[in-house]
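What follows is one structure encoded as structure tokens, with my remarks underneath.
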Amino acid sequence: MTSDHFNLSRRNLLVGASVAAAGSLATTVGAQAKAPLQGIAPVNYRRVKLGGFEVTTVADGYAAVPKVHPIFGNNQKPEDVAAYMQANFLPGNKMAIPFTPVIVNTGNEVILFDTGNGPGRGATRGHLVKSIESAGFTADQIDVVVITHFHPDHIGGLMNGDKPAFANARYVAGEAEYNFWTSKKNADSSDKKMQGRVKLVNAKVKPVAEKMTFIKGGKDVVTGITAIETFGHTPGHLAFNIESNGQRLVLWADACNHYVASLQKPEWHVIFDMDKAAAIASRKKILSMVAADKVPASGYHMPFPALGYVEQQGDAFRWVAHSYQLDL
């Protein structure tokens, strides 16, 4: 037998073995592929340690939105917004907007920041109570409910029918925010959007107003949790500095609404910002502080679990998602 014949036979053997192995693999994979598709399985809470506190972000769900512009960058050309989103590996013509309330357990009190959408705003949102239970709490264990501002996706879960959803809680909100939405001027407004917002405030906030403390920037919710005025998104929007045993986290709520379209483009207008210029100033202020102080942050509409860091890049910023920094 020649060496050429031997090599050819060896090649045939190897090819045959590869084909047989591939066939076996295909049979195995084919059998496994018969399992039904189960759909996306989102995680609904994430807990980290902050000094002597525990911070738990809890998912209320998300809104699937069939557009980016003019929600973000409505002072830009639509094609420029689409191209920028695509350059950041995101669709240019659709988006998912998450809603992430935060629970801070100080060891003495359980404090919930914002209450999600509540029922009736779509099947993909309004899941806060379920997420709270998954995280090991019950609604009755919430001692304090803090409302950062009075937009529907933050106050919608305050009430369960005609009763408070968090029966044992006291409430904290911004004085300027409450005064704006309950003013006679807005109550008498002929603007249909304003009428709808005022109606929701009357239905969700006013029933618990007697148990509500109204604060300004610089005032504490409890020791270690201090309000920061970030007006613009709404007239009384508040962020919060949370600090325990020398560790800090900044909860900025809606001062910044997208990890690309707002952080990287802080001067892009956001359609939900009621005072665009003031919102831009507040956004830059809070992002600059978080970046300079190198502290973690939580934003209501950041990608879940809505925990991360901010890096300044010239006049813009970059969101750096939390991995394990607060687990150590």
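Since every read-out is calculated from the coordinates, none of them should be taken as a lab result. Computed from a prediction, not measured in an experiment: that's the story for all the values here. We place every Cβ from the backbone using ideal geometry, glycine too, and count neighbours over all the protein chains shown.
Counting only DSSP beta bridges with both residues in the range 118-231, what percent are antiparallel, rounded to the nearest 5?
For the range 118-231, the DSSP antiparallel bridge percentage is about 35.
How many percent of DSSP beta bridges within the chain run antiparallel, rounded to 5? Please report the intermediate quantities before stating the final value.
Details: 42 of 56 bridges.
Beta bridges within the chain, antiparallel portion: roughly 75 percent.
Rounded to whole Hz and in sequence order, give me ³J(HN,Hα) for the range 278-289 from the Karplus expression 6.51 cos²θ - 1.76 cosθ + 1.60, θ = phi - 60°, writing x for Gly and Pro.
Once θ is set to phi - 60°, the couplings for the range 278-289 become 5, 5, 5, 4, 5, 4, 5, 5, 6, 5, 4, 5 Hz.
How large is ³J(HN,Hα), in whole Hz, for each residue of the range 223-232 in order, when computed from phi with the Karplus curve 6.51 cos²θ - 1.76 cosθ + 1.60 and θ = phi - 60°, using x for Gly and Pro?
Each residue of the range 223-232 in turn: 4, x, 10, 10, 6, 10, 6, 10, 5, x Hz.
Please give the direction-averaged projected area of the C-alpha convex hull for the range 111-233, in square nanometres with one decimal.
Over all viewing directions, the range 111-233 projects a mean Cα-hull area of 8.2 nm².
Can you list the residues, at least 5 places off or on another chain, whose amide H is less than 5 Å from the amide H of Val221, using H built in the peptide plane?
Under 5 Å from the amide H of Val221: Thr226, Ala227.
Would you mind checking the tilt of helix 3-32 against the longest principal axis of the Cα atoms of the chain, expressed as 0 to 90 degrees and rounded to 10?
The helix 3-32 is inclined about 30 degrees to the chain.
In percent, what relative contact order does the range 180-328 have, based on Cα pairs under 8 Å that are 6 or more apart in sequence? Present the calculation step by step, with values, prior to reporting the outcome.
Working: 233 pairs, mean separation 24.8, N = 149.
Computed over the range 180-328, the figure is 17 percent.
Angle between the Cα long axis of helix 192-204 and the longest principal axis of the chain, 0 to 90 degrees, nearest 10?
80 degrees
Please give me the summed charge of the neighbours of Asn105: other residues whose Cβ is under 10 Å from its Cβ, Lys and Arg +1, Asp and Glu -1.
Once all neighbours under 10 Å are counted, the net charge is -2.
Quick one: net charge of Val48's neighbours, Cβ under 14 Å, K/R +1, D/E -1?
Once all neighbours under 14 Å are counted, the net charge is +2.
Please list 3J(HN,Hα) in residue order for the range 52-57, calculated via the Karplus relation 6.51 cos²θ - 1.76 cosθ + 1.60 where θ = phi - 60°; whole Hz, with x for glycine and proline.
Using θ = phi - 60°, the values come out as x, 9, 10, 10, 10, 8 Hz.
So if each residue of separation counts as 0.36 nm, and I subtract the Cα-Cα distance between Lys130 and Gln38, what length gain in nm does that give?
Computed gain between Lys130 and Gln38 is 31.1 nm.
Please report, in debye to the nearest 20, how large the charge dipole of the chain is about its Cα centre when each Lys and Arg carries +1 at its beta carbon and each Asp and Glu carries -1 there.
That gives the chain a dipole magnitude of about 640 debye.
So what's the angle, to the nearest 10 degrees on a 0 to 90 scale, between helix 78-87 and the longest Cα principal axis of the chain?
Long axis of 78-87 versus the principal axis of the chain: about 50 degrees.
Per DSSP H run of at least 4 residues, take -39500 (n - 2.57); add these up for the chain, divide by its residues and hand me the 222 nm value, nearest 500 deg cm²/dmol.
-8500 deg cm²/dmol, from helical runs alone.
Taking amide H atoms as placed 1.01 Å from N in the peptide plane, list the residues 5 or more away in sequence, or in a different chain, whose amide H sits under 5 Å from that of Gly126.
Residues meeting the amide H criterion: Asn117, Gly118.
Given the options Ala239, Ala176, Ala35, which has the most mean-square fluctuation in a GNM of the chain, springs set between C-alpha atoms less than 10 angstrom apart?
Its mean-square fluctuation being the largest, the pick is Ala35.
On alpha carbon coordinates alone, what is the Rg over Rh value for the chain, Rh being the Kirkwood radius? Kindly include the intermediate steps, with their values, before the conclusion.
Details: Rg = 25.0 Å, Rh = 21.8 Å.
Here the Rg-to-Rh quotient is 1.15.
Tell me, what is the percent relative contact order of the chain, built from C-alpha pairs under 8 Å that lie six or more residues apart?
RCO, the chain: 15 percent.
With Cβ to Cβ distances under 11 Å as the rule, what net charge do the other residues near Gly136 carry (K, R +1; D, E -1)? Don't jump to the answer; show the numbers that get you there.
Numbers: positive: Arg47; negative: Glu54, Glu133.
With Lys, Arg at +1 and Asp, Glu at -1, the neighbours total -1.
Looking at the square roots a ≥ b ≥ c of the eigenvalues of the Cα gyration tensor of the range 215-328, which shape do they give, rounded for a/c under 1.5, prolate if a/b is larger than b/c, or oblate? Show your work: numbers first, answer last.
Details: a/c = 1.86, a/b = 1.13, b/c = 1.64.
Here the range 215-328 falls in the oblate category.
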